[in-house]
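The values are calculated or read from the model by the stated rules, or taken from the named source; none is laboratory data. Remember, it's a predicted structure, so these values are computed and weren't measured experimentally. As a convention, Cβ positions derive from the backbone with ideal geometry for all residues, glycine included, and neighbour counts pool all protein chains shown. Heads up: the accessible areas ignore ligands, DNA and RNA and are worked out on the full protein's heavy atoms, side chains in. Shrake-Rupley method; radii C 1.70, N 1.55, O 1.52, S 1.80 Å.
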Amino acid sequence: MGQIAIMLKKFKNINHFFHPDNNHISTDFSPFVTTIGGERLQVMQATDNNNSDLLDLEREVYKGEMPWSSFSFKTELQKTKNSLYVVVYQASTLVGFIGARFLTREAHITNIAVSPVFQGRGIGTFLLNLMIQKARDNKCECISLEVRIDNDRAKKLYSDLGFEATFIRKNYYQDDVDAVNMVCWLMPHKLKERS
Ligand SMILES: CC(C)(COP(=O)(O)OP(=O)(O)OC[C@H]1O[C@@H](n2cnc3c(N)ncnc32)[C@H](O)[C@@H]1OP(=O)(O)O)[C@@H](O)C(=O)NCCC(=O)NCCS
């Protein structure tokens, strides 16, 4: 299955995305500098200029098998009205990124990766918390994502941050591995309803 098909698969369930109510959504992002695990890092919104760094990082993280192509990144980076991609640099090295789409009531994390050399230092947690906050700012009721069923490290990270497994998407990935859909509820009344 091609990369474009994978992307369509990912987004076909959020086809209410272009609903006019989405007008209130803000994906504005001001760059800032932070320190994580002793490293001084620059955090900024990704643009087309980051495309080749994003591809290099994916190549490094997925050992040559790249879930997203240059076209995929380019397409996503252009959708600035409802999508936000954030990159983290140490000097001129891209060390991690996260992307999300914002709907009227739901945000969906489309991609996250941290360079293997920088993993386990809190950058993934930082990026997820940043997007969770952005979803809260946009009054989203929840933020969701898909993760490979065999990606135990990522699943643990997500559940530590409050994501709960909801359902399985069969044969979701290129190699036919299933995905687990996970949701983190952001509104107190939703949490109460569910308890
Ligand atoms: C999943 C991922 C984004 C997490 O990013 P990260 O920067 O490593 O995350 P954190 O440093 O915040 O660590 C989160 C947890 O994972 C653990 N961890 C991260 N990297 C680790 C490693 N190389 N070895 C062992 N544990 C590791 C951390 O110890 C931490 O667990 P803890 O909270 O119990 O201490 C990153 O591992 C990654 O890019 N993986 C490959 C791509 C991928 O799987 N993306 C997710 C697609 S859904």
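Laid out as a table, the results:
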| quantity | calculated |
| --- | --- |
| Single residue of segment 98-110 satisfying the filter (under 18 Å from residue 28 (Cβ atoms) and in contact (Cβ under 8 Å) with a residue 40 or more places away in the chain) that is surrounded by the fewest Cβ atoms within 10 Å (Cβ to Cβ) | 104 |
| Close pairs from segment 41-70: first β-branched (Val, Ile, Thr), partner part of a helix (DSSP H, G or I) and loosely packed, with under 14 Cβ neighbours inside 10 Å, Cβ under 8 Å, at least 6 apart | 61/116 |
| Segment 113-131: number of residues that are under 19 Å from residue 162 (Cβ atoms) and either surrounded by fewer than 21 Cβ atoms within 10 Å (Cβ to Cβ) or touching a residue at least 60 places away in the same chain (Cβ under 8 Å) (or both) | 6 |
| Test result for residue 165, small (Gly, Ala, Ser), surrounded by 13 or more Cβ atoms within 10 Å (Cβ to Cβ) and under 15 Å from the mean Cα position of the chain (by Cα) | no |
| Flag if residue 69 is over 21 Å from residue 120 (Cα atoms) and either open to solvent by 50 Å² or more (accessible area, probe 1.4 Å) or at pLDDT below 95 (or both) | yes |
| Where a residue in segment 139-158 is touching a residue at least 60 places away in the same chain (Cβ under 8 Å) and its partner, wherever it lies, is within 7 Å of the ligand (Cβ to nearest atom) and open to solvent by 50 Å² or more (accessible area, probe 1.4 Å), with Cβ under 7 Å and at least six apart | none |
| Conditions (1) farther than 23 Å from residue 144 by Cα; (2) among the polar types (S, T, N, Q); (3) surrounded by 15 or more Cβ atoms within 10 Å (Cβ to Cβ); (4) away from the ligand (no atom under 13 Å from the Cβ); number of the one not met by residue 90 | (4) |
